[in-house]
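A.B. asks: One structure coming up, written as structure tokens, with questions to follow.
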Ligand SMILES: C[S@@+](CC[C@H](N)C(=O)[O-])C[C@H]1O[C@@H](n2cnc3c(N)ncnc32)[C@H](O)[C@@H]1O
């Protein structure tokens with residue numbers, strides 16, 4: 001157990017749990033619709049790739065506020081979907097939203113997917129929309145997910161490609177850096193880009209009980225707000241931590257840069273940046 005959270009978390013995930021079961025999770029829960037909208041272009045390809053059948057038992061890893069769990073439960077109409085996430089606030093909202101949508105075959109649990117004792121072989125499908133890049137010990141986590149799947153069960157996950165294919169993180173972090181060198185996390189460190197190298201993802205999955213591993217690249221516009229004002233506020237909530245350590249002048253400069261980039265990307269029907277993801281599919285051996 002960590003001090004910060006009421007759920008059993010592997011020590012390797014303590015920092016992520018502090019963030020997701022703390023301020024970051026609270027921000028995501030308060031802006032659930034915006035976050036769902038930001039990746040809306042990927043939602044249907046992701047569901048199509050998961051190919052959930054009516055009787056399937058589905059595990060949604062890092063389900064957040066549960067849009068993908070709800071849709072998985074709809075597809076698994078005579079089966080069930082379980083969403084698990086580190087964040088109590090996001091899980092709480094996921095439960096409320098499923099009830100509001102009248103979805104009776106979705107369950108939600110606050111848990112660390114890396115160590116949660118899922119009954120062995122109990123799921124037909126595991127899905128994750130940008131929820132599998134944060135494991136402190138990815139080999140342990142994917143082995144645990146493999147154990148939860150029945151032999152022949154399928155894993156479908158959407159992960160970010162590297163910053164070179166994601167205009168949004170390049171432009172928004174450059175704006176907020178305002179000329180400072182923001183430290184880049186070491187390659188493979190837990191974070192949004194840890195599975196950006198498909199060869200790393202392939203090796204990880206192959207060594208943890210998966211075969212038939214395929215990565216399909218997608219490029220889609222990513223939404224950040226209805227207009228420049230809306231995007232300015234949304235991005236500051238998401239990436240405002242990048243302003244830590246700025247003096248007053250740097251802060252003004254960063255905010256001005258942010259205003260300029262979201263204005264330049266305001267299409268008149270929303271603020272969009274280019275993005276790239278991998279849709280990774282694997283079968284439990
Ligand atoms: C980028 S968010 C994506 C949320 C959701 N899948 C979506 O598409 O909106 C990543 C999620 O993964 C969850 N997460 C990170 N590490 C986890 C772990 N070890 N076990 C369970 N959930 C985890 C976080 O709490 C967070 O909600």
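The values are calculated or read from the model by the stated rules, or taken from the named source; none is laboratory data. Quick caveat, the model's predicted, so the values are computed rather than measured. Glycine also receives a Cβ, built like all others from the backbone with ideal geometry; neighbour counts cover every protein chain displayed.
A.B. asks: For the stretch 15-24, state whether one or more residues are touching a helix residue (DSSP H, G or I) at 6+ places or on another chain (Cβ under 9 Å) and assigned to a strand (DSSP E or B).
C.D. replies: No - not one qualifying residue is present in the stretch 15-24.
A.B. asks: For the list (1) without any contact (Cβ under 8 Å) to a residue 60 or more places away in the chain; (2) more than 22 Å from residue 272 (Cα to Cα), I need the number of the one condition that residue 208 fails.
C.D. replies: Single failed check for residue 208: (1).
A.B. asks: What pairs come out if I take residues in the stretch 30-49 that are touching a residue at least 24 places away in the same chain (Cβ under 8 Å) and over 15 Å from residue 93 (Cβ atoms) and pair them with residues that are assigned to a helix (DSSP H, G or I) and within 9 Å of the ligand (Cβ to nearest atom) whose C-beta lies under 8 Å away, six or more apart or interchain?
C.D. replies: As it stands, the answer is 43/36; 43/67; 43/68; 46/68; 47/68, since those pairs meet every condition given.
Okay, residues lined up against (1) in a helix (DSSP H, G or I); (2) buried (at least 20 other Cβ atoms within 10 Å of the Cβ):
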position: 156; (1), (2): no, yes
position: 169; (1), (2): yes, no
position: 182; (1), (2): no, no
position: 201; (1), (2): yes, yes
position: 211; (1), (2): no, no
position: 214; (1), (2): no, no
position: 229; (1), (2): yes, no
position: 233; (1), (2): yes, no
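A.B. asks: Which of the residues spanning the stretch 111-142 are on the phi > 0 side of the Ramachandran plot and more than 15 Å from the chain's Cα centre (by Cα)?
C.D. replies: Within the stretch 111-142, the subset on the phi > 0 side of the Ramachandran plot is 121, 130.
121 - this is the single residue of the stretch 111-142 that is on the phi > 0 side of the Ramachandran plot and more than 15 Å from the chain's Cα centre (by Cα).
A.B. asks: Also: Within the stretch 182-190, is even one residue within 30 Å of residue 126 (Cα to Cα) and at pLDDT 95 or above? First the steps, then the outcome.
C.D. replies: So the first thing to find is which residues in the stretch 182-190 are within 30 Å of residue 126 (Cα to Cα), and the list is 185-190.
Those still in the list that are at pLDDT 95 or above too: 190.
Within the stretch 182-190, one or more residues are within 30 Å of residue 126 (Cα to Cα) and at pLDDT 95 or above.
A.B. asks: Quick one: would you say residue 106 is crowded, with 20+ Cβ neighbours inside 10 Å, free of Cβ contacts under 8 Å to residues at least 60 places away in the same chain and more than 10 Å from the ligand (Cβ to nearest atom)?
C.D. replies: Numbers: crowded, with 20+ Cβ neighbours inside 10 Å: yes; free of Cβ contacts under 8 Å to residues at least 60 places away in the same chain: yes; more than 10 Å from the ligand (Cβ to nearest atom): yes.
Judged against the criteria, residue 106 is a match.
A.B. asks: Something else now. Kindly indicate whether residue 99 is within 23 Å of residue 151 (Cβ to Cβ) and either more than 10 Å from the ligand (Cβ to nearest atom) or outside any helix (DSSP H, G or I) (or both).
C.D. replies: Values: within 23 Å of residue 151 (Cβ to Cβ): no; either more than 10 Å from the ligand (Cβ to nearest atom) or outside any helix (DSSP H, G or I) (or both): yes.
No: the conditions fail for residue 99.
A.B. asks: Out of all the residues in the stretch 59-79, which are closer than 17 Å to residue 110 by Cα and either part of a helix (DSSP H, G or I) or more than 13 Å from the ligand (Cβ to nearest atom) (or both)?
C.D. replies: Step one: list which residues in the stretch 59-79 are closer than 17 Å to residue 110 by Cα, which gives 59-70.
Selection gives 67, 68, 69, 70.
A.B. asks: Of all residues in the stretch 249-278, how many are within 24 Å of residue 162 (Cα to Cα), surrounded by 16 or more Cβ atoms within 10 Å (Cβ to Cβ) and out of contact with any strand residue (DSSP E or B) (no Cβ under 7 Å at 6 or more places or on another chain)?
C.D. replies: Of the residues in the stretch 249-278, 5 are within 24 Å of residue 162 (Cα to Cα), surrounded by 16 or more Cβ atoms within 10 Å (Cβ to Cβ) and out of contact with any strand residue (DSSP E or B) (no Cβ under 7 Å at 6 or more places or on another chain).
A.B. asks: Within the stretch 143-172, take every residue that is touching a helix residue (DSSP H, G or I) at 6+ places or on another chain (Cβ under 6 Å) and more than 10 Å from the ligand (Cβ to nearest atom) and give me the one that is nearest to residue 232 (Cα to Cα). Step through it out loud before you land on a result.
C.D. replies: The initial filter retains those residues of the stretch 143-172 that are touching a helix residue (DSSP H, G or I) at 6+ places or on another chain (Cβ under 6 Å), namely 156, 158, 163, 169-172.
Retained after the next criterion (residues that are more than 10 Å from the ligand (Cβ to nearest atom)): 156, 163, 169-172.
On the way: 156: 32, 163: 20, 169: 14, 170: 16, 171: 13, 172: 10 Å.
Looking at residues that are touching a helix residue (DSSP H, G or I) at 6+ places or on another chain (Cβ under 6 Å) and more than 10 Å from the ligand (Cβ to nearest atom), I get 172.
A.B. asks: Still on this model: For the stretch 40-58, which positions are assigned to a loop (DSSP other than H, G, I, E, B) and in contact with a strand residue (DSSP E or B) (Cβ under 7 Å, 6 or more places away or on another chain)?
C.D. replies: Here is the first cut: in the stretch 40-58, the ones assigned to a loop (DSSP other than H, G, I, E, B) are 51-56.
52, 56, listed by residue number.
A.B. asks: Can residue 125 be described as touching a helix residue (DSSP H, G or I) at 6+ places or on another chain (Cβ under 9 Å), over 19 Å from residue 285 (Cβ atoms) and away from the ligand (no atom under 12 Å from the Cβ)?
C.D. replies: Numbers: touching a helix residue (DSSP H, G or I) at 6+ places or on another chain (Cβ under 9 Å): yes; over 19 Å from residue 285 (Cβ atoms): no; away from the ligand (no atom under 12 Å from the Cβ): yes.
It is false that residue 125 is touching a helix residue (DSSP H, G or I) at 6+ places or on another chain (Cβ under 9 Å), over 19 Å from residue 285 (Cβ atoms) and away from the ligand (no atom under 12 Å from the Cβ).
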